[in-house]
Amino acid sequence: MPIHEKLDPVLQQKLNHHKSIFFPRSLALISVFAALNLIVDIIPFSPTIGIPGTFFRLGWILSPITGILLGPLAGGISCTIAGFLSIAMGIQPWTFGIFTPFRSGLSALQSGLLAQNQWKLALALLSFFIGVWFMLPAGRDAWPITSFHIIGVLLIVMFRSNIQTYIHSPNLDKVALGISIAAYCGNITRHLFGNTILLFLLDLSPLIFISAIPLTFIEQLAFTLASAILGGTIIKTSIHDVLQLDQSRANNL
């Protein structure tokens, strides 16, 4: 007898109900946030040093929030779709080669992992990219830029499961702190991934990365604060309930 025929009829009915509701809902949320990420990606924030005609865009703010709200898988897929659409519409060029549309998805993935208490995997992911960076001669020469990424590692190690606890805390200050850590680690993982790709594709001088440190500090601080404000507002208002973006429901893909 097939397994599904052995299930209690009530249980089978519930499973079918969840499948019929949550799978379309996940697709809908992925589509909605892909559109939102595409829209904010139109708005430039600051120019990218050493690469004329390219910019940091406001998608850096929404990408980690997408991962936190939808989860690492659905959030990553949503932002990756937005990345492909952004390129197809000419909003951003193929600066990072075939990896260009995946950068925002990586940010959402990393932030989503931390929001779901998968901090060990998030730590391994960021540590892997740091290791790859130091394997490159130019990366070793530009070692000061990794201070941002090492801070990310230290934050993950220090807060671990508390990141998820803070994000879902009734205390607004803790919510802001949890989102800030998750968003920062997501964006800084994306940042290192992009820098590594640039070393491979463009053979940039280490001095370019070092000279970008002051601007990188301002950018990452602004992105983190904006993500904390936006994410905290969504989580602490009825928008979160209306969209039903809790982790157990929005990640049913």
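A short reminder: the numbers here are calculations on the coordinates, not readings from a lab. Only a predicted model underlies this, so the values are computations on that prediction, with no experimental measurement involved. Backbone-built Cβ (ideal geometry, glycine too); neighbour counts: all protein chains shown.
For the range 26-184, go through all pairs of different Cα atoms, get the mean of 1/r, take its inverse, and jot down that Kirkwood value in Å. Mean inverse Cα-Cα distance, inverted, gives 16.3 Å. Placing dummy labels 7 Å off each Cα toward the beta-carbon, the span from Arg140 to Leu201 is 2.6 nm. Other residues with beta-carbon under 15 Å from the beta-carbon of Cys79 carry, at +1 per Lys or Arg and -1 per Asp or Glu, a net charge of +2.
Taking R0 as 35 Å, what's the FRET efficiency between Ile210 and Arg25 from their Cβ-Cβ distance, rounded to 0.05?
Computed FRET efficiency for Ile210 and Arg25: 0.15.
Highest mean first, the peptides 199-209, 64-74 sorted by other C-beta atoms within 10 Å per residue fall in the order 64-74, 199-209.
Peptides 150-160, 223-233 ranked from most to least packed by the mean count of surrounding Cβ atoms within 10 Å: 223-233, 150-160. With bins 10 Å wide beginning at 0, the percent of Cα pairs of the range 174-236 falling in each bin runs 20, 43, 24, 12, 1. Charge tally for Glu219 (other residues, Cβ to Cβ under 13 Å; Lys, Arg +1; Asp, Glu -1): +2. What the phi angles of the range 113-122 give under the Karplus curve with 6.51, -1.76 and 1.60, with θ = phi - 60°, is a coupling list of 4, 5, 5, 9, 6, 9, 5, 5, 5, 4 Hz, glycine and proline written as x. Projected label points at Lys236 and Ala222, each 7 Å from Cα along the beta carbon direction, are separated by 2.4 nanometres.
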